[in-house]
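Q: Sharing a structure with you now.
The values are calculated or read from the model by the stated rules, or taken from the named source; none is laboratory data. These figures come from a predicted structure and were not determined experimentally. Methodologically, a virtual Cβ is constructed for each residue, glycine included, from the backbone with ideal geometry; neighbour enumeration extends over all protein chains shown. When the accessible area is computed, the model is the full protein with side chains, heavy atoms only, and any ligands, DNA or RNA have been set aside. Shrake-Rupley method; radii C 1.70, N 1.55, O 1.52, S 1.80 Å.
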Amino acid sequence: MQNKIYYTKPSITNLEVELARDAALNGWGESCYEYIDKFQEAFKAHIGAKHAIATSSCTGALHMGLKALNLSRGDEVILADINWVASVAPVVHLGATPIFVDILKDSWCLDPKKVEEAITSKTKAIIAVHIYGNLCKLDELIKIGNKYNIPVIEDSAEAIGSIYKTKRAGSIGLFGTFSFHGTKTITTGEGGILVTNNDDIYEKVLTLSNHGRARGESKQFWAECIGYKYKMSNIQAAIGYGQMKRIDELIKKKRDIYLQYKKAFLEFKNIKINPEEPGCVNGVWMPTLVFDKETELTFEKLQPIFKSNNIDARRFFWPLSSLPPFTRKENNIISYSISERGINLPSYHDITESDINRVVNIIKEQINK
Ligand SMILES: *Cc1c(COP(=O)(O)O)cnc(C)c1O
């Protein structure tokens, strides 16, 4: 049997191990926030945002950000139908109603026209998710947002390394969120962060993230509202700080892997890979293929072939509206169709060129048949 090819796996070096060791030995008492501060500083400098609040997950960061918008029962939030469930869970937790709209064929992200059609008097936010690193049409979305006075939020969990024109994903909307789950471009095991240039959102989320205790409150244990406990630990932040020192290298490795896959499938006009618009950079968290219908290739067909070759196969996300908690919305035609015909390719930072070729060749064999 050939070696197993994982679809993802973190890149952890001695640097992260030593920092975590230092945090475990020394990061207590007065030093208990040292690495959290360092990590936040490094992350916001990288993204180009004014504020950053590290959290225990991206889901938690989104939850607090949406709470800071006063999202509540009866409100509506627009997001793409194709997404990981984490992007919608906080909307539901806050009692609001998600409105799933269809995606664009090429970017697999929100279709701005569908977004505008879905706006009602109850719409309180648009969540732009940069799926697999592919950028949403932010200019158009923000224009629509401004027209109706609705904030655009960037769930950038998959978009580390993605640059929209001159700005990094996550720094453009009212706030952005990122994930440092073990599968993501950089990791802290579990973890997330909220970034924003908006002082008001920052202060609100800071209070929410500290069990409702406002910054500068002199009374001990005084909560002015019911908040959350979604903090990142200092030990996790030490690992994240190490990853930030290597961020350019980690992003470059993801891009190199993408470029290798892109080149390999260039000759196949009926296979689409993550696009990269002129003037933008795709961080390509997950290099992903979508097979045109005529190829008759689907995830179902490829999965057993990948498995017998000891390669992880990872399907495209389901349309969220097809999951049991929601009502099917099959008029989101592109979402329902692409979901069956897409596959994420193995892309951990240290994957070898020959392992990439193994993956490529298996898919090519299937197309040529
Ligand atoms: C991974 C991911 C999340 C969830 O991140 P957690 O840190 O696991 O909460 C949210 N949104 C998107 C788009 C993701 O890919």
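Q: With springs connecting C-alpha atoms under 10 Å apart, model the chain as a Gaussian network and identify which of His51, His211, His130 has the largest mean-square fluctuation.
A: His211
Q: Further question on the same structure: Write out the trypsin sites (Lys or Arg not before Pro) in the stretch 307-356 meeting two conditions: DSSP loop, and at most 13 other Cβ atoms within 10 Å of their Cβ.
A: Working: sites: Lys307, Arg314, Arg315, Arg328, Lys329, Arg341; in loops: Arg328, Lys329.
Answer by residue number: Arg328.
Q: Rounded to a whole number, what % of the accessible area of the chain do carbon and sulfur atoms account for, probe 1.4 Å? Please list the in-between numbers first.
A: On the way: 8650 of 16490 Å².
That share works out to 52 percent.
Q: Give the shape of the stretch 216-318 as rounded, prolate or oblate, defined through the alpha-carbon gyration tensor: a ≥ b ≥ c are the square roots of its eigenvalues, a/c under 1.5 means rounded, and otherwise the shape is prolate if a/b is larger than b/c and oblate if not.
A: Numbers: a/c = 2.62, a/b = 2.14, b/c = 1.23.
Prolate shape, in that a/c is at least 1.5 and a/b is the bigger ratio.
Q: With a ≥ b ≥ c taken as the square roots of the eigenvalues of the C-alpha gyration tensor of the chain, please select rounded if a/c is under 1.5 and otherwise prolate if a/b is larger than b/c or oblate if it is not?
A: Working: a/c = 2.04, a/b = 1.26, b/c = 1.62.
Here the chain falls in the oblate category.
Q: Please report, largest first and rounded to whole Å, the three semi-axes of the ellipsoid equivalent to the stretch 77-148, where each semi-axis is the square root of five times an eigenvalue of the C-alpha gyration tensor. Intermediate results must be reported in sequence, preceding the final value.
A: Details: eigenvalues 62, 51, 18 Å².
For the stretch 77-148, the ellipsoid semi-axes come out as 18, 16, 10 Å.
Q: Rounded, prolate or oblate: which fits the stretch 84-204, taking a ≥ b ≥ c as square roots of the Cα gyration tensor eigenvalues, rounded meaning a/c under 1.5, else prolate when a/b beats b/c? Don't skip to the end; give the middle numbers.
A: Working: a/c = 1.40, a/b = 1.28, b/c = 1.09.
Note, shape of the stretch 84-204 comes out rounded.
Q: In the chain, what cysteines have no partner Cβ closer than 4.7 Å?
A: If one checks each Cβ against the other cysteines of the chain, Cys32, Cys58, Cys225, Cys280 turn up with nothing under 4.7 Å.
Q: Something else: Among Thr207, Tyr33, Thr352, flag the residue with its Cα farthest along the positive direction of the charge dipole of the chain, charges on Cβ as +1 for Lys/Arg and -1 for Asp/Glu.
A: Thr352
Q: Follow-up. Where is the GNM fluctuation largest for the chain (alpha-carbon springs, 10 angstrom cutoff): Phe306, Phe268, Phe178?
A: Of Phe306, Phe268, Phe178, the most mobile in the Gaussian network model is Phe268.
Q: So how far apart, in nm, are the two label points at Ala45 and Asn309 if each is 7 Å from Cα heading toward Cβ?
A: Going from the Ala45 label point to the Asn309 one covers 4.3 nm.
Q: Sticking with this one: Name the most mobile residue of Gln220, Gln243, Gln260, meaning the one with the largest mean-square fluctuation, in a Gaussian network model of the chain with Cα contacts below 10 Å.
A: Gln220
Q: Positive end of the charge dipole of the chain (Lys, Arg +1 and Asp, Glu -1 on Cβ, about the Cα centre): tell me which of Leu174, Phe299, Ile273 has its Cα farthest that way.
A: Phe299
Q: Between the stretch 199-219 and the stretch 1-37, how many Å separate their Cα centres?
A: 28
Q: Less than 19 Å apart at the alpha-carbon level, and either on another chain or at least 8 residues along: which aspartates and glutamates does that give for Lys124?
A: Of all the aspartates and glutamates, those that pass the test against Lys124 - Cα under 19 Å, at least 8 places apart if same chain - are Asp75, Glu76, Asp81, Asp102, Asp111, Glu116, Asp139, Glu140, Glu154, Asp155, Asp200.
Q: Okay, moving on. So if I place +1 on the C-beta of Lys and Arg and -1 on the C-beta of Asp and Glu, and nothing else carries charge, what would the dipole magnitude of the stretch 63-190 be about its Cα centre? I want it in debye, nearest 20. Before the final figure, lay out each step's value.
A: On the way: 14 positive and 14 negative charges, 64 e Å.
I would put it at about 300 debye.
Q: Roughly what angle does helix 34-47 make with the longest principal axis of the chain, taking Cα atoms, 0 to 90 degrees, to the nearest 10?
A: 50
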